[in-house]
Amino acid sequence: MSGYSPDMPELSSRQTALLLLAGSGALLAGAFAFQYWGGLAPCILCWWQRYAHMAAIALAVLAVVLSRSGSSRAGWALVAAAALALLAGVGIAGFHVGVEQHWWAGTAECGSQVGGAGGIEALRARLLAQPIVRCDEIAWSLFGISMAGYNLILSLALAAFAGAVSLRHLRPTP
């Protein structure tokens, strides 16, 4: 009784997109909860991981809208694109885990989030107002896994699910 059964109902592109929307939405909501309620300011790599979820959410919303009747080729293509956005997030999370573990150095922005300030006084004001959030310091972990590690695992699961389901529907039938 384990595994796939031909009698099991198959998910539509709309249902799959709604699951992606819920999954990425929950991960993004969790990140913002840690930031605003937990007081853990995100580093630049944390933000980049969030952008991948924002892209996946936008693509999933489009898939839901285009798949109003339940399933469509455009809906499946958007689900596949959301899976690719999540895979990009997996890559960023993997890079972040490596930075946290000191396997390699982070980006130039990993020590600060100042960027182009537009003049020396504006730069000075931003420096004084900006908390320095280092990418190589683990702000929170559970069972030895950091937030970036959990994001990697959960995003990979979402991407694998969405990619496998969408590819099955997008492959040309002989």
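The values are calculated or read from the model by the stated rules, or taken from the named source; none is laboratory data. Computed from a prediction, not measured in an experiment: that's the story for all the values here. All Cβ positions, even for glycine, are placed from backbone atoms using ideal geometry, and neighbour counts span all protein chains on display. Keep in mind that these areas ignore ligands, DNA and RNA; they rest on the heavy atoms of the full protein, side chains included. Shrake-Rupley method; radii C 1.70, N 1.55, O 1.52, S 1.80 Å.
Laid out as a table, the results:
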read-out	value
Förster radius 45 Å - calculated FRET efficiency between Ala164 and Ile120 (Cβ-Cβ, nearest 0.05)	0.30
Probe 1.4 Å, all protein chains present, accessible-area order of Val133, Val61, Val99, largest first	Val61, Val133, Val99
Environment charge at Leu66 (Cβ cut-off 12 Å; Lys +1, Arg +1, Asp -1, Glu -1)	+3
Within-13-Å neighbourhood charge of Met147 [Cβ basis; K, R +1; D, E -1]	-1
Extension gain (nm, one decimal) between Ala22 and Ala105, 0.36 nm per residue minus Cα-Cα	26.6 nm
Label point distance in nm, Arg171-Arg68, each placed 7 Å from Cα along Cα→Cβ	3.2 nm
Estimated vicinal HN-Hα couplings, Hz - the stretch 143-158 in sequence order (Karplus 6.51, -1.76, 1.60; Gly, Pro = x)	6, x, 10, 7, 4, 4, x, 5, 4, 4, 4, 6, 5, 5, 5, 4
